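Following: one structure in structure tokens, then a few remarks.
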Amino acid sequence: MFCKKCGANLNEGARFCPNCGEPTGSAAGVNAENDANVINITNDTNDTNDLAVTNDIVPADNVTAGGGGEKQMMPPVSDLWNMYSQDGSSANAQASNAQTAGPQYGSTQSPVFTQGFTMEGGFKKFITGHKALLIAGAVVIIVLVLVLSNMTVLANFLRRTFSSPEDYYHYVEKKTVEDISADAGEVYGRYFLDNLNVYDKSVSTKMNVTIGEGGQDLIGLAGLAGVDLSWLESVSITMDSSMKKETMFMGLGAAINGVDILTGNIVYEVDGEAVYLQIPELNEKFMGMEMPGYALRDMEDIWEMYEAFERVCPDQKEVEQIINRYMLTAVECMDDVAKEKGVLEAADVEQKCTVLTVTADANTFKDMTMEILKQMREDEDIEKIIKAAMEEEIIIEGLYLDDMSPEEAYEEFLDWIDDGLEFMEDYGELEVYDDEVLEMKVYVDRKGKIVGRTMEMGDVTIHMLMPEDGKQFGYELSYEDSYFDDPILDETMALTGSGKRSGDKIDGDFVLEYCDTPMMEIGVQELNLKDMRIGLLNGSMTLGLTEDAADYMDYTPGAAMIQGMEISMDWQSDKSSSNCNMGISLRDQNLVNMEISYKQEKGYKGANPGKNVVMVDDMDDLMEWGESLDIGGLTSALKEADVPSEFTDSLEYFEDMDIDSLLRMMYFYY
């Protein structure tokens, strides 16, 4: 079957031509059961109502090309959308460009079709007629977006409003416990677990000290004592260590004014029971010496202990879960809680908060201890750790534990818990004294985040406060012991200040006080608090003594030397490396600049003696090693570093001496 207008091939039962859109007039294409919704369109140009949508089935015989308000069968919307431009152009314009712009409906089509799907026709009518509905829908969408973007605030509002004070306190502490557990797990994994695996690992550390103008002036004072050090500009020290199975390397290097002066290498071979020494600037050959087995036995024991702990200790995730479990148990035992609205203030920054007052006495802590012991008794992780440890003989010997089977050790642990529980149950209710009651105030912001705490017990009060107002924050960390109730005798320490926060980074100025006397001013720039919690330092800091501190130390011997001193530090660190640039100035004069770096790498990076070794068992072997001795290399390095001739000339005297002469001279003097 072909289209009677354009001649395109038509599929069986098609109602419209897929090329030009001409109705086919085929009654077989109309299915009353599968197509119940047909748009009735009238050709009444005076009718301003929306298009009428009915469920009437229009027979194919009634489909006409237009006129007289007759019903017309409309093609699927998807076809119309693809065939008609949505730029508001008229149907006639589209029809006239049908040959170049692709298939279009012909000019014989009803104008109502074009009005229904152009911006000036039915589409515009639809928008106008349903304006209220569209506005309502837009409002609903905006509200949903706002709600979804503030789900934390909404969740906290519901908890705060409909929960008891105790349940709300447990809710807000849960997030804090999760953060502490994650941070503790990270520290445990990086600084403990990773260091248990000592093999195929290398560590290098370097410290470089550069003398500033102020430092040169101080060194010049040494000239008054007859020592000229004006030539000294910088000193560097490097320390390297590397390990692989049965081999350990240690290296030490020194440089003056940027020139390497001396390097020392030590290699221990445990399996070969030997140690090798080398100073490359004096002799390229290693001096090897046999070591008795007992001399290296302690090192082997340490390695075995590390390996045993690596097998026994839980992984990082397990430690996080264990810490989280027991901290939540402790929190849930705090059930004396009051709730009120309040304001948290520190360093002139205020924040509205929900204030939770938590009270705990000796009986609270007794119940907490009992709950933790009960939980430990059923803890499968603890059982696994104890039994695994008792499988390691090196741990039993190293920790002086009784020799018993893993099952016996765990049973003894359970007996210890049962004895503790029985003791506390028999003791009954504890007598509570006023100075043994802990009162803790927890300040919670609108998102459910704890932004401050105060803890008071007896004469001791601790404040940990950090209110926020936009990007501004205030800070107070203080300790106060008012035992004597005398400002002169009572001890107080406080770190207070304010600044701006951007994500995890802060900029701010702080003051460290002791007994209400400002002692030190501290400034930080882009200090990353999140990294700091897991032992990484990133950011900058300046430290300087206050005038009050200078007055305070007037009577301290030598204190005048550090009055007006300022220290600046800049850190960059990650999981495997760290770098700190430090500058020390005195009364605006730079004394020294120090750069301290640390880097950890995988793989063995140490020296390998190989065949470049002379094993020294007697004097003849020592003489053989001495044949390669060259002091001239050290002398040349010192001259290159601009070391004065009074130091290098004395070394030149030894350059032409052989090892035998050197040994005889040493024997004569010593």
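Pairs of Cα atoms in region 327-386 fall into 5 Å distance bins, from 0 up to the last occupied one, in shares of 4, 15, 16, 15, 12, 12, 10, 7, 6, 4, 0 percent.
Tally Lys/Arg at +1 and Asp/Glu at -1 over every other residue whose Cβ is under 10 Å from the Cβ of Ser502; what's the total? That works out to +1. Given R0 = 30 Å, the distance between the Cβ atoms of Met532 and Asp418 translates into a calculated FRET efficiency of 0.10.
Return the inverse of the average 1/r over all pairs of distinct C-alpha atoms in region 384-475, which is the Kirkwood hydrodynamic radius, in Å to one decimal. Could you put the intermediate results ahead of the total?
Numbers: mean 1/r = 0.0543 Å⁻¹.
With all distinct Cα pairs of region 384-475 included, I get 18.4 Å.
Translational diffusion coefficient, Stokes-Einstein: compute it for region 461-553 using the Kirkwood radius over C-alpha pairs as Rh, at 10 °C and 1.306 mPa s, and state it as an integer in µm² s⁻¹. D = 110 µm²/s. Remark: region 443-458, residue by residue, has Karplus-estimated 3J(HN,Hα) of 9, 10, 7, 5, 8, x, 8, 7, 10, x, 9, 10, 10, 10, 8, x Hz, where x stands for each Gly or Pro and the curve is 6.51 cos²θ - 1.76 cosθ + 1.60 at θ = phi - 60°. The spread of Cα positions in region 557-639, taken along each principal axis and listed from longest to shortest, comes to 60, 37, 28 Å.
Measuring nothing but protein heavy atoms, the accessible surface of region 282-389 at 1.4 Å probe radius is 51 percent carbon and sulfur. P(r) for region 205-344, from all Cα pairs and a bin width of 10 Å, is 9, 19, 18, 16, 16, 13, 8, 2 %, short bins first.
Scaled to the compact-protein estimate 2.2 N^0.38 Å, what is the alpha-carbon radius of gyration of region 271-329, rounded to two decimal places? Don't jump to the answer; show the numbers that get you there.
Working: Rg = 21.3 Å, N = 59, 2.2 N^0.38 = 10.4 Å.
Cα Rg divided by the expected 2.2 N^0.38 Å: 2.05.
One decimal place: the segment Lys602-Tyr514 gains 27.2 nm when fully extended, by the rule 0.36 nm per residue minus the C-alpha distance. Provide, for q = 0.15, 0.18, 0.20, 0.29 Å⁻¹, the log10 of I(q)/I(0) from a solvent-free Debye sum over equal Cα point scatterers in region 236-290. Relative scattering, expressed as log10 I(q)/I(0), comes to -0.46, -0.63, -0.73, -1.11. Orientation-averaged projection of region 511-670 equals 17.8 nm² [convex hull of Cα atoms, one quarter of hull surface area]. Approximating the spin labels as points 7 Å out from Cα along Cα→Cβ, the Asp618-to-Val139 distance works out to 10.7 nm. Starting from the Kirkwood Rh over alpha-carbon pairs, what translational D in µm² s⁻¹ does region 284-427 have by Stokes-Einstein at 20 °C and 1.002 mPa s? D = 107 µm²/s. Comparing Phe484, Met424, Thr546 along the charge dipole axis of region 424-564, the residue lying farthest to the positive side is Thr546, per the Cβ-charge model. The length gained on full extension between Ile219 and Glu411, counted as 0.36 nm times the residue separation minus their Cα-Cα distance, comes to 62.4 nm. In this structure, the residue pairs whose Cα-Cα separation is over 24 Å, taken from Lys245/Lys317; Lys317/Lys599; Lys174/Lys366; Lys449/Lys471; Lys317/Lys441; Lys201/Lys530, are Lys245/Lys317; Lys317/Lys599; Lys317/Lys441; Lys201/Lys530. Once the Cβ-Cβ distance of Val437 and Thr369 is raised to the sixth power relative to R0 = 25 Å, the FRET efficiency obtained is 0.90. Surface analysis of region 168-295 yields an accessible area of 50 Å² per residue, using protein heavy atoms and a 1.4 Å probe.
Per residue, region 363-500 exposes an accessible area of 62 Å² to a 1.4 Å probe, with every protein chain left in place.
In square nanometres and to one decimal, what's the mean projected area of the convex hull around the Cα atoms of region 266-364?
Values: hull surface 64.9 nm².
Average of the hull's projected areas for region 266-364 equals 16.2 nm².
With a 1.4 Å probe and all protein chains left in place, how much of the accessible area of region 209-260 comes from carbon and sulfur atoms, in whole percent? The value for region 209-260 is 64 percent carbon and sulfur by accessible area.
The values are calculated or read from the model by the stated rules, or taken from the named source; none is laboratory data. Nothing here was measured: the structure is a model prediction, and the numbers come from that model. We place every Cβ from the backbone using ideal geometry, glycine too, and count neighbours over all the protein chains shown. Surface accessibility is based on the protein's heavy atoms, side chains included, excluding ligands, DNA and RNA. Shrake-Rupley method; radii C 1.70, N 1.55, O 1.52, S 1.80 Å.
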